[in-house]
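This is the structure I want to talk about, given as structure tokens.
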Protein chains: 2
Amino acid sequence: MPEIDSYPLFSGTQIAPLRALITAGDLPADGFFATSLAQLQARVDPALKAKLDVPGHGEAGSYAHNRHRDNAHTIEAAGRLYQMTGNRDYARLATEILGLYAERYPAMPYQQQKNTNPPGRLFHQILNEHMWLLYAVLGYSHVRETLPETQRQAIENNIFHPMIEMFTVTYRHDFDRIHNHGLWAVAAVGICALVLGEDRVLDQAIFGLEGDSISGGYLAQIKRLFAPSGYYIEGPYYHRFAIRPLCLFAEALHLHRPELDIYGFHDQAIGKTIRALLMTSYPNGRFPALNDASLSMDIKDEGVVIAVAVHHARYGHCDALVGTARQQGQVWLYPCAFELAQAVDAAPSEQEQRPYWPSVELNEGMQGDRGAQGFLRQRQHGDITQAVMNYGQHGMGHGHFDTLGLTLFSRDQEVLREYGFGRWVNVETKFGGRYLDENKSWARQTVAHNTVVVDQGCQNAFDVALADSHHGERHFFSGTGPVQAMSAFANQHYAGVGMQRTVLLLELDALSSPLLIDLFRLSSEQTHQYDYPVHYQGQITHSNVDLQPTERRVLGTDNGYQHLFDLARGPTPQCLSLTWLQDNCFHTWLAAAEGAELILAQTGANDPSFNLRRQDCLLLRQHGRDHLFASLFETHGQFDEASEHCEGARGAMQHIDILGHNDQGSVVAIRGEAAGAPFLMTLMISNRADVCPTTEHRLFFNNTEYHWQGYFAVVTNKE
Amino acid sequence: MPEIDSYPLFSGTQIAPLRALITAGDLPADGFFATSLAQLQARVDPALKAKLDVPGHGEAGSYAHNRHRDNAHTIEAAGRLYQMTGNRDYARLATEILGLYAERYPAMPYQQQKNTNPPGRLFHQILNEHMWLLYAVLGYSHVRETLPETQRQAIENNIFHPMIEMFTVTYRHDFDRIHNHGLWAVAAVGICALVLGEDRVLDQAIFGLEGDSISGGYLAQIKRLFAPSGYYIEGPYYHRFAIRPLCLFAEALHLHRPELDIYGFHDQAIGKTIRALLMTSYPNGRFPALNDASLSMDIKDEGVVIAVAVHHARYGHCDALVGTARQQGQVWLYPCAFELAQAVDAAPSEQEQRPYWPSVELNEGMQGDRGAQGFLRQRQHGDITQAVMNYGQHGMGHGHFDTLGLTLFSRDQEVLREYGFGRWVNVETKFGGRYLDENKSWARQTVAHNTVVVDQGCQNAFDVALADSHHGERHFFSGTGPVQAMSAFANQHYAGVGMQRTVLLLELDALSSPLLIDLFRLSSEQTHQYDYPVHYQGQITHSNVDLQPTERRVLGTDNGYQHLFDLARGPTPQCLSLTWLQDNCFHTWLAAAEGAELILAQTGANDPSFNLRRQDCLLLRQHGRDHLFASLFETHGQFDEASEHCEGARGAMQHIDILGHNDQGSVVAIRGEAAGAPFLMTLMISNRADVCPTTEHRLFFNNTEYHWQGYFAVVTNKE
């Protein structure tokens, strides 16, 4: 039969030299490419001997569900391994599984619908069917050359043509949806059409059913899903999921539709969005849980592995990219990733190579004018501290009502924590692995986040449409040097209440870790109850608040408060101080808190099915019209229980004072003792929405004048 | 000055060839000895440049406390490194620190007493002063040869002689205490006397102040502290602490008092107790928390590192010993450990070398007739499962009231959990790192353990003297093969209530992990409330009990119940089934529970200082006279949230039934479906205290005869 010289993601001339290297054994055995290849073979080789099975239907996480998913992955991986190694056993494996589906698929009924997603014939939502198709057709394209025409016909006519029919005709209404699911649809259908030589369908996948590149199709998805900064509205958890089909289809079009110049398309949108995703990640590779997300999703996700390889191949080298690849522990096994693998081999030791992305502000909205996500980073003594603030858009159906929400990552832990989603993905016994009711009643509520709650309500009253119509407003962002800061407003999220949050991340020689300072200002004509939540984890080791245990009443009836038990309360002194031990180090929270009340709360109330993880949070409760929450978070000391070594259980910072605040600015003083010397710092922050670098500020508080130019000023006097 | 050819723990002729190897650079750089040496140098070398300091007094965990401790460790390590490398900088470092203490120590006042321990002059308890002396004098002995006589005199007269005076005269009453602290005292004083040539004092350390080797001294400690099995009454946490001075002094006497044949002394007691300690450890190297203990103490502790080297050098090689050494990640840097290091280098890869100790029963009491500690182990698919049952003595002042307590270790996690102690060692802000009140009010109480609580009381009414006078009675122990079992009685721990617990650990081909079966039988003339606690960690993913959230009332007023919140309750069906997810796998508890109530509880009540860790437990509550709790614990499935893979969320075992029980025996049936086939197992357990291998049992329940010989029988019919 005629050799095929072109595959969806590479040409025969691209794979040939690689195959030669591998078959000749000339690939350095301890090299990154070889070890990645060994990993893939370790995954696929058992299937060479195992019994094949194409089961019926099942819930997410069930044997049937997992088996269909694994079958598709095996078809793709085996096909790829055949291309890499020339070993026909891999081709046979892919063929046999495809053969079974060719027999059974036509007779399979549609599954019963389980959520908003239309059902497929293998899975309960077509999203999974799209994914199945993408993997299966890639694998098929790699082994097709080994098959007689009759077998090709059986596979194409019984599986692939019916699937294209299902996606573009039966579910036509769903095909052009601008959404991460839509990306999977167009990539799967597009690559399948490419393999089957269905140019008309391929055009539909690229330009949309209407052919206008606006109402739908791959190009429209690129233009409409990502902000100019590359940020994806639903957040990193869904971004890393969308980026897989984005990159796979891009590679196919790069090879087969060069005239589209897909990597240059829309001002290099694909490269920008890959960088944007990577720049959201914490130093340990995990993604901050912005909107619905698991707390453990990280850069090892297959989509990110592919994206890193694609960026390196199509947009060029950068150290952080190579560091990320090493952190991923594997490289995408396609010809275009070979250079990246070599770069990893050539790079210095792991320690130095942990990726260090710069501080960055990622704008939101198609025009980049609907707020942003802010990421501040400081590297001190080799350890990277990161603060993340959300002052952008609501995340659509997966959005959390947490504008001005803040997280802090320090000493390899998330210290100011996100809860993530209320869901156990693929755990059959937890509502089939789908989203739980508590995702709405707790996880997406404002109080579940580190942002102020007004009158025990939820931002935008938990109205998604309303929330989508609003967004945060950037104030200023300064992301370089030892003093970094970001500031934003959210004035449409609680009726009649203006909110401004300013976060500083300071690197001080005298301290072992950067200092986080948080000024959260509220202004209103009416008196309100303001709750400032601190979601933490660990054991309280010291507090200057006289906390009295309560009868653990439930804190409220709705907006998430119905899930919070009231563990203890106490009136706060002028400056609250509370220290907790999280794993192997201490964290101290100082807050100006005159006349406030501190509430210790824990999740778990009204949770009959035990769907909530039990977590602790602190609520600093204050009543007023205009109010400034001034807080400081210091990471200090270390504790190793196994060796029974402990030091630095007390922090260096002792006091935070509000000297004054108004609509012009806020002035705060911080006192402590660092490295044996007294430490005094004064911070001046502009509260003017119209502030620019030359704006002059003159404020008088207690007969003292505070004068500075621009966004903010920090004065440190070592007395 | 004359070269000294003899040191406390090695002779000049033993160190010379090692020094030659090292200085010549002939030590294989990636070998275990060389990497351990590099670790030690990495610890000490910074001190060569750092500023020296001898501070005043401070709490445990304070700078002063830590600094004194670190100074002594630096003196010892620097002295040793000088002997190994011949580098005089190390000798100078040790000398300079000793010089500072020679200046200041004489003027230092005694510290204020903080606990039952007499205070020292550097530390608040002389225990720490003993430890300081042991390290300091070892270091001194290694560098003495480099010092002029005047300097030697200054150090010996200002530090070491006064310390000997303090320990043997001032605190004479404390010197002969048979206790782990006593071992530190005699080892420190003995080795110091050896270095100073004070033979009389050395004799006191060996034979006691009375010289009778009974009332006190090292030999008496060996005879009286350890059971014939080698088990140490306070449990592994204090055992690993006592074993350090035990081994150090043994090495000194082995070299300098060979006529004592210390390693042969008292039927090789030292070797036996080293093995006994190692055989208590979990597969991950942690020690089960029997009595007061941290949950993270493990075989990496310095005492265990020394003990492993000593055992290998003096009692010979065994694979588990070498595996333990590798797990420790370092070898003791003394000449006698060189062969062990070479054995580690020669041993197969890490995976195969995780130590696999056999199942073992360790008897208690000086005659070995006061009960025992039982350890069952099964290795399946490379994973080691371990069950631990306490049916021995009360642990003296550190004893927990938990006779018949059970823990289970599976898939690298403690699944049926111990709470450990209520203490943050060396955390200054937690009561100076000392034991917290909650250690008595919760951690040591019966309900804090996995053993039945009668009428919400505590075993032996929390009376230590009473508890010390009682102990568990072994029934039978069978520790080999796929079906292992241990059984014991505790009839003196609750007035008028007899208790028997039988635990089986079964390896079944059809299951991925061994099955734990637990039959806890109570018998009494009167009706009692029996609570069967299950201390677990994780998220409940399924239960067939209709659990109704409660108002979180506190469960009781004392005996630990005052610290438990009542989260939810439900009446139980005939067979209770509850599954939880702990980290990456599932655990299902099945229990015959007709007419019982299940209570979900959580620690944290009446804990104003937040001294308790929040932990969950299940209480299966039943009322009756004679009652059998029949439970089964199955570990199954896996969940990887990061990759969103999940399988086996449901267990294979479905039902456990009590067919009958009386004072002759108990018969239980287990049903399930394993590997696609129905599974039925019948267990017959002897309840006769006088059972022997030939005892015949014939029991009739529901017109069925159950007949077996000996301790127990297991019949499995694949229907």
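Largest first and to the nearest Å, give the Cα extent of region B:407-555 along each principal axis.
51, 39, 37
Along each principal axis of its Cα atoms, how long is region B:49-181 end to end? Whole angstroms, biggest number first, please.
Between the extreme Cα coordinates on each principal axis of region B:49-181 lie 43, 28, 28 Å.
Placing a label point 7 Å from Cα toward Cβ, how far apart in nm is A:Arg625 from its equivalents in the other copies, listed shortest first to one decimal?
Spelled out, the distances from A:Arg625's label point are 7.7 nm.
What accessible area per residue, rounded to a whole number of Å², is obtained for region B:370-718 using a probe radius of 1.4 Å?
33
Determine the total buried accessible area between chain B and chain A, counting protein heavy atoms only with a 1.4 Å probe; round to the nearest 100 Å².
In total, chains B and A hide about 4100 Å² from solvent.
Taking every pair of distinct Cα atoms and averaging 1/r, then inverting, what Kirkwood hydrodynamic radius in Å comes out for region A:295-384?
Every distinct Cα pair counted, the radius reaches 14.5 Å.
Quick check of the Kirkwood formula: for chain A, what is the inverse mean of 1/r over all pairs of different Cα atoms, in Å?
Final number for the Kirkwood radius of chain A is 27.4 Å.
What span do the alpha-carbon atoms of region B:64-132 cover on each of the three principal axes, reported in whole Å from largest to smallest?
43, 21, 15
Could you size up the charge dipole of region B:29-224 around its Cα centre, putting +1 on the beta carbon of Lys and Arg and -1 on that of Asp and Glu, and report it in debye to the nearest 20?
So the magnitude is around 360 debye.
With the Cα gyration tensor of the protein assembly as shown in hand, convert its eigenvalues to equivalent ellipsoid semi-axes via √(5λ) and list them largest first in whole Å.
54, 42, 35
Using only alpha carbons, build the gyration tensor for region B:144-215 and give me the equivalent ellipsoid semi-axes, biggest first, whole Å.
Values for region B:144-215, descending: 25, 12, 10 Å.
When you look at the Cβ of every residue in B:643-653, what mean number of other chain Cβ atoms sits within 10 Å?
Taking all residues of B:643-653 together, the mean is 6.
On to the next question. Starting from the 7 Å offset along Cα-to-Cβ, what nm value, one decimal, do you get for the label separation of A:Glu96 and B:Asp509?
Placing both labels 7 Å along Cα→Cβ, they lie 2.3 nm apart.
Residue by residue, what Karplus-based ³J(HN,Hα) values in Hz, rounded to whole numbers, does region A:217-226 have, using 6.51, -1.76 and 1.60 with θ = phi - 60° and x for Gly and Pro?
Whole-Hz 3J(HN,Hα) from phi for region A:217-226: x, 4, 4, 5, 4, 4, 5, 9, 7, 10.
Counting only residues 5 or more places away or on other chains, whose amide H sits under 5 Å from the amide H of A:Gly58 once H atoms are built in the peptide plane?
Answer set, sorted by chain and number: A:His65.
What is the helix-to-structure angle for A:12-23, meaning the angle in degrees between its Cα long axis and the longest Cα principal axis of chain A, kept from 0 to 90 and rounded to the nearest 10?
So the helix axis and the longest Cα principal axis differ by about 80 degrees.
Treating the Cα atoms of region A:370-718 as identical point scatterers in vacuum, please give the log10 of the normalised Debye intensity I(q)/I(0) at q = 0.14 Å⁻¹, two decimals.
For the requested q values the scattering log ratios are -1.21.
Amide H neighbours of B:Gly570 under 5 Å, counting only residues 5+ apart in sequence or on other chains, H built in-plane at 1.01 Å?
Under 5 Å from the amide H of B:Gly570: B:Gln548, B:Leu598.
Sticking with this one: Over 5 Å intervals from 0, what percent of Cα-Cα pairs in region B:479-632 sits in each interval?
All Cα pairs, binned at 5 Å, distribute as 2, 8, 15, 18, 19, 18, 12, 6, 2, 0 percent.
Which Cα, out of B:Ala250, B:Ala320, B:Tyr231, lies furthest along the positive dipole direction of region B:226-353 (beta carbon charges, K/R +1, D/E -1)?
Among B:Ala250, B:Ala320, B:Tyr231, the one farthest towards the positive end of the dipole of region B:226-353 is B:Tyr231.
To the nearest 20 Debye, how big is the dipole of region A:226-353 about its Cα centre, given +1 on the beta carbon of each Lys and Arg and -1 on that of each Asp and Glu?
140
Counting only other residues whose beta carbon sits under 14 Å from that of A:Ala495, what net charge do I get with K and R as +1, D and E as -1?
Charge balance near A:Ala495 sits at -3.
Right, something else. Under 15 Å between alpha carbons, and skipping anything fewer than 8 positions from A:Lys114 in its own chain: which aspartates and glutamates qualify?
Straight-distance partners of A:Lys114: A:Glu59, A:Glu129, A:Glu428, A:Asp437.
Starting from the Cα of B:Lys223, move 7 Å in the Cα-to-Cβ direction to define the label point; list residues of region B:236-279 whose amide nitrogen is under 11 Å from there.
B:266
Can you tell me the convex hull volume per residue for region A:226-353, based on C-alpha atoms, in Å³ to the nearest whole number?
Hull volume normalised by residue count: 94 Å³.
At 7 angstrom along the Cα-to-beta-carbon line, where would the label on B:Gly264 sit relative to the other copies? Give the distances in nm, shortest first.
9.0
Using only DSSP helix segments of four residues or longer, with each worth -39500 (n - 2.57), what per-residue ellipticity at 222 nm results for chain A after dividing by its residue count and rounding to 500?
-9500 deg cm²/dmol
Under the Karplus relation 6.51 cos²θ - 1.76 cosθ + 1.60, θ = phi - 60°, what is the ordered set of whole-Hz ³J(HN,Hα) values for region B:504-520, x standing for Gly and Pro?
Result, ordered by residue: 10, 10, 10, 9, 10, 4, 6, 10, 7, 9, x, 9, 9, 10, 10, 10, 10 Hz.
Normalised by the residues of chain B, what does the relative contact order come to in percent, with Cα pairs under 8 Å and at least six apart?
8
Once you average over the residues of A:480-492, how many Cβ atoms of partner chains fall within 10 Å of each Cβ?
Mean inter-chain Cβ contacts per residue within 10 Å come to 0.
Compute the convex hull volume of the Cα atoms of region B:373-431, divide it by the residue count, and report the result per residue in Å³ as a whole number.
109
Can I ask one more? How crowded by other chains is B:416-427, given as the mean number of beta carbons from other chains within 10 Å of each beta carbon?
Across the residues of B:416-427, the mean count of other-chain Cβ atoms within 10 Å is 3.
A further question on this structure: Closest to the B-onto-A rotation axis, which residue of chain B has its Cβ, and how many Å off the axis is it?
B:Arg552, 2
Give the residue from B:Leu564, B:Ser609, B:Met681 lying farthest towards the positive end of the charge dipole for region B:370-718; charges sit on Cβ (+1 for Lys and Arg, -1 for Asp and Glu) and the dipole is referred to the Cα centre.
Going by the charge dipole, the pick is B:Ser609.
Using a Cα-Cα cut-off of under 29 Å, which lysines could be cross-linked to A:Lys223, ignoring same-chain neighbours fewer than 8 residues away?
A:Lys272, A:Lys300
So, with a 1.4 angstrom probe, what is the percent of accessible area on chain B that is carbon and sulfur?
Here carbon and sulfur together make up 48 percent of the probe-accessible area.
Taking only Cα atoms, what is the 0 to 90° angle, nearest 10, from helix A:319-328's long axis to the longest principal axis of chain A?
70
For A:Asn703, place a label point 7 Å out from Cα along the Cα→Cβ vector, do the same in each other copy, and report the separations in nm, one decimal, smallest first.
Spacings between copies for this position, smallest first, are 10.3 nm.
Here's something else I'd like to know. Give me, ordered by chain and number, the residues 5 or more places off A:Tyr356 or on other chains with an amide H under 5 Å from its own placed amide H.
none
Can you tell me the dipole magnitude for region B:487-636 around its Cα centre, using point charges on the Cβ only (Lys, Arg +1; Asp, Glu -1), in Debye to the nearest 20?
280
If you don't mind, another one. Run down the aspartates and glutamates and flag those whose C-alpha is under 15 Å from the C-alpha of B:Lys51, throwing out any fewer than 8 positions away in its chain.
B:Lys51 reaches B:Asp70, B:Asp89, B:Glu96.
The values are calculated or read from the model by the stated rules, or taken from the named source; none is laboratory data. Only a predicted model underlies this, so the values are computations on that prediction, with no experimental measurement involved. Please note: Cβ atoms are built from the backbone with ideal geometry, for glycine as well, and neighbour counts cover all protein chains shown. When the accessible area is computed, the model is the full protein with side chains, heavy atoms only, and any ligands, DNA or RNA have been set aside. Shrake-Rupley method; radii C 1.70, N 1.55, O 1.52, S 1.80 Å.
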